[in-house]
Ligand code: ACO
């Protein structure tokens with residue numbers, strides 16, 4: 001037996017407590033503190049910054065080295081050689097599909113893209129100016145009302161079909177949110193289109209005209225989905241796991257994930273990039289905003305710069321930057337004032353001591369915001385697109401949890417309120 005342990009000595013307590021140290025395949029070891037409760041202690045880690053909430057085999061991140069692996073495969077290789085649906089299959093199943101499995105999976109997703117006609121009526125109840133994420137939270141959760149026949153989460157086949165339904169229907173619902181906002185009829189998905197191509201078709205076609213989707217834009221859209229497909233135990237994925245640990249159905253769990261993603265500290269950053277570029281408004285004002293970003297007394301930050309986990313570079317941002325160039329060239333909008341501001345900002349920030357010292361590089365949101373804007377997608381839809389892309393990650397983590405022994409998630413607290421006291425007059 002060569003098991004590593006950590007020893008915890010507590011002031012005033014005679015014997016120290018031995019805690020097992022668990023090793024992963026790569027990455028830091030973790031101290032198993034599960035035994036502490038029996039000794040009368042909880043651990044305290046607000047924000048879970050030092051806590052591994054689960055064991056997982058899906059995604060590995062090394063923020064210092066700029067590494068992101070899905071099932072072991074580097075994100076750069078997947079972005080270059082794979083596509084979104086194949087990456088979905090990989091996340092869900094653990095291995096890349098062979099050609100027959102790939103074709104079967106694609107076919108299965110294709111034939112689940114339509115939503116129940118009754119679901120379309122839900123949209124009528126939403127005001128025209130409803131935020132699309134508000135609609136997504138409601139409508140995706142409501143999907144559970146349509147599939148009572150396959151919601152036994154203990155059955156592998158039910159989990160599989162729910163996963164496929166979610167991946168297939170998310171772009172359809174997302175595009176319906178957009179059509180609802182602009183007062184155009186919903187467009188049905190087309191089975192002769194690829195996944196991203198279909199999404200752009202449902203967004204931009206009308207019954208009167210179906211503009212041809214450019215392969216470059218469809219590829220860019222596919223890569224945006226792929227680059228967002230999973231990111232380990234982030235806030236929305238942890239929310240999906242926590243909701244799922246109660247035995248809730250996958251549609252309800254993914255709806256909870258969408259709610260968590262909505263916040264500006266998570267999925268809302270690329271929308272913030274666009275708002276910032278609009279606020280800068282003119283190249284002549286860039287210096288002024290850079291100065292503000294460096295000023296400790298000014299709360300302004302350059303949106304789309306820096307990352308909580310990636311401290312040297314974000315591997316997804318590198319891929320996204322290349323696509324950004326291709327899309328702007330394809331659309332012939334390189335000289336659009338907004339994109340010129342973005343380019344200047346990127347250059348100045350990359351050369352400026354303040355940003356270099358603090359390792360503040362443009363992140364994935366900086367480029368994805370620019371690409372989506374160039375494609376003609378309004379900023380209010382950006383987080384929705386993030387949600388579409390992240391769906392296989394959410395559902396893979398949920399499935400991984402349900403297929404293994406798990407407990408209901410129930411954190412404890414450090415209570416600092418009143419001790420017991422009597423109601424007045426008692
Ligand atoms: N603009 C200007 N200064 C910045 C920025 C920025 N975008 N980000 C960090 N800094 C500065 C801080 O003021 C701090 O300076 P100091 O050391 O002189 O005090 C230093 O860099 C470190 O900043 P922290 O806030 O400690 O970095 P942290 O890792 O906690 O924050 C975060 C990361 C939240 C992403 C931050 O960089 C930020 O607010 N960026 C802008 C918002 C954004 O783009 N978010 C999307 C992240 S990507 C994603 O979620 C997929």
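FYI, it's all coordinate maths here, none of it is from the lab. Keep in mind that this is a model prediction, so the values were computed, not measured. FYI the Cβ positions are ideal-geometry reconstructions off the backbone, even for glycines, and counts take in every protein chain you see.
Considering just Cα atoms, how many Å³ per residue does the convex hull of the chain enclose?
Values: hull volume 95.1 nm³, N = 426.
Looking at the chain, the number lands at 223 Å³ per residue.
Per residue of the chain, what 222 nm ellipticity follows from adding -39500 (n - 2.57) for every DSSP H run with n ≥ 4, rounded to the nearest 500?
Taken over the chain, the calculation gives -15500 deg cm²/dmol.
Choose one answer from 356, 395, 375: the residue with the largest mean-square fluctuation in a GNM of the chain with alpha-carbon springs under 10 Å.
356
Under 10 Å, Cα contacts only: if you run a Gaussian network model on the chain, which one of 349, 387, 210 comes out with the highest mean-square fluctuation?
For the chain, modelled as a Gaussian network with Cα springs under 10 Å, the answer is 210.
Whole Å is fine, so just give me how far the alpha carbon centre of region 108-158 lies from that of region 216-270.
The two parts, judged by their Cα centres, are 16 Å apart.
Let me know the shape class of region 40-126, please: from the alpha-carbon gyration tensor, a ≥ b ≥ c as square roots of the eigenvalues, rounded when a/c is under 1.5, otherwise prolate if a/b is greater than b/c, or oblate. Let's see the in-between values first.
On the way: a/c = 2.54, a/b = 1.29, b/c = 1.97.
Here region 40-126 falls in the oblate category.
Once you keep just the Cα pairs under 8 angstrom separated by 6 or more residues, what percentage relative contact order results for region 52-151?
It rounds to 13 percent for region 52-151.
Residue 121 versus residue 81, label points 7 Å from Cα toward the beta carbon: distance in nm?
Each label point lies 7 Å from its Cα, and together they span 5.0 nm.
Restricting to Cα pairs below 8 Å that are 6+ residues apart, what does the relative contact order work out to for the chain? Please round to a whole percent.
Numbers: 570 pairs, mean separation 85.8, N = 426.
For the chain, the relative contact order is 20 percent.
Which distance in Å, rounded to a whole number, links the C-alpha centroids of region 336-351 and region 1-69?
Taking the Cα centre of each part, region 336-351 and region 1-69 sit 43 Å apart.
Which residue, 328, 36, 91, has the most motion in a Gaussian network model of the chain that connects Cα atoms within less than 10 Å?
Result for the chain, Cα springs under 10 Å: 36 fluctuates most.
In a Debye calculation with equal point scatterers on the alpha-carbon sites of region 195-252 and no solvent, what is log10 I(q)/I(0) at q = 0.13, 0.18, 0.19, 0.31 Å⁻¹?
Summing over Cα pairs of region 195-252 leads to -0.55, -0.74, -0.76, -1.15.
Gain in length, residue 414 to residue 67, computed as 0.36 nm per residue apart minus the alpha-carbon separation, to one decimal in nm?
On the way: separation 347, 0.36 × 347 = 124.92 nm, distance 3.47 nm.
Contour length minus Cα-Cα distance gives 121.4 nm.
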